[in-house]
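Notes for the one structure printed next.
Each reported figure results from applying straightforward, stated rules to the coordinates on display, with no laboratory input. Note that this is a predicted model, so its numbers are computed, not measured. All Cβ positions, glycine included, derive from the backbone under ideal geometry; neighbour counts span all protein chains shown.
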Amino acid sequence: MNTTSASPAESPGDTPERASAIRKVLVWDAPVRVFHWLMVLSFAGAYLTAESERWRLVHVTLGYTMAGLVAFRIVWGLVGTRHARFSSFVRGPAAIAGYMRGLTQGRPEHHVGHNPAGALAIVALLGLTLVVTAAGWATYNEVGGEALKELHEVTANAMLAIVGVHIAGVLIGTWLHQDNLIGAMLTGRKPGRPEDAVRSAWRSVAVLMLAAVLTFWTLQWQSAPVLSAANRTSASARHHDRDDD
C-alpha cells in the first residue's frame, strides 16, 4: 500500500526536464472511481424517486446504498492509496481560501489529486449523506415525526446544491487546466510526474465493492412485497392523505 503523501501542485519553478516528465499517470484507483459513479447513480436515482410511492423501495434501497458507500469511503480514506486518503487532500481554511483566490484570478494551483475546494465539497457530501440516510431511515420507519422528514428533504436539497457547485468546479477546472477531470474519473489517469502515480489500481477491491452493492440490490428486490391492485390503490391513497395533512 502506498505511503501517505499530499497531492503536490505543479510549481512554476519546475525545470524543463521535470516539466517534460509530466505525462498521464494513474492517480485514482479503481475503488475511488467505482465509489464515485455508484454515488452518482444512487443519489440521482434516490432524488428522482423521492416523491413516488410506487418507487419507494428503489428510493430506500439507493439511500441505504449511499450510506454503505460512504462507510466504505471513510475506511478507504484512511487506508487506501495515496490520493484517496483524506490526509492527502483535506486542507484548512487558509489553503481553501488560497486556492479560491487563485481560481478567481484565473491562475489556480494544479493539484494531482483533489484540490482544496473539491476536497471541501467531498467532505460535505460525505457528511450530508450520513445525515440524509439517517433521517430517511427514521422517516421510512415512522420515527421522529415531521421534524426528521423535513430534515431529510432539506438535507437532500442541500446535497443537490453542492453537487451542482461541484460539477461547475469540475468544468471550470477542466477549462483552466486543459485537463479532462471527468475522463480522469473514468480512466483514473491525470497529468503528473511518475512519482505522483499510485502503484496499484486495486481492482479486486472495486470488484468486491460492486459485487456487494449488486448483491444488496438483488436481496432488496427479492424481498419486495408483491402488491395487488387493491393494495396499490390503498397505498396511493395513504400517500395522498399524508400529503394533504
Cut-off 20 Å (backbone N to label point 7 Å along Cα→Cβ of V154), residues of the range 106-131: 124-131
Net charge contributed by nearby residues that have their C-beta within less than 12 Å of V34 (K/R +1, D/E -1): +2
Tell me the net charge near A156. Cut-off is 14 Å between Cβ atoms, A156 excluded, with +1 for each Lys or Arg and -1 for each Asp or Glu. -2
Between the range 85-108 and the range 29-60, what is the C-alpha centre distance in whole Å? 29
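Order these by the 10 Å Cβ neighbour count, fewest first: M185, M66, M159.
M185, M159, M66
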q = 0.10, 0.13, 0.14 Å⁻¹, the range 23-244: log10 I(q)/I(0) [Debye, one scatterer per Cα]: -0.53, -0.83, -0.94
Run the quick spin-label model on T104 and R193: label points 7 Å from Cα toward the beta carbon, then report their separation in nm to one decimal. 3.2
Pseudo-spin-label distance D179 to V79, built 7 Å along Cα→Cβ, given in nm, is 2.9
Cα centre as origin, Lys/Arg/Asp/Glu Cβ charges: the range 79-158 dipole, Debye: 600
Starting with the highest mean, order 53-62, 141-150, 170-179 by the number of other Cβ atoms within 10 Å, averaged over the residues of each peptide. 53-62, 170-179, 141-150
Simple spin-label estimate for K24 and I96 in nanometres, 7 Å along Cα-Cβ: 3.3
Nothing charged except the Cβ atoms of Lys and Arg (+1) and of Asp and Glu (-1): what's the magnitude of the dipole of the range 23-244 about its Cα centre? Round to the nearest 20 debye. 1100
For the charge dipole of the range 23-244, defined by +1 on Lys and Arg C-beta atoms and -1 on Asp and Glu C-beta atoms about the Cα centroid, which residue among A44, A134, V123 has the Cα displaced farthest towards the positive pole? V123
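Net charge around T139, counting only other residues with Cβ within less than 10 Å of its Cβ (Lys, Arg = +1; Asp, Glu = -1)? Walk me through the numbers on the way to the answer.
Numbers: positive: K149; negative: E142, E146, E150, E153.
Result for the local shell: -3.
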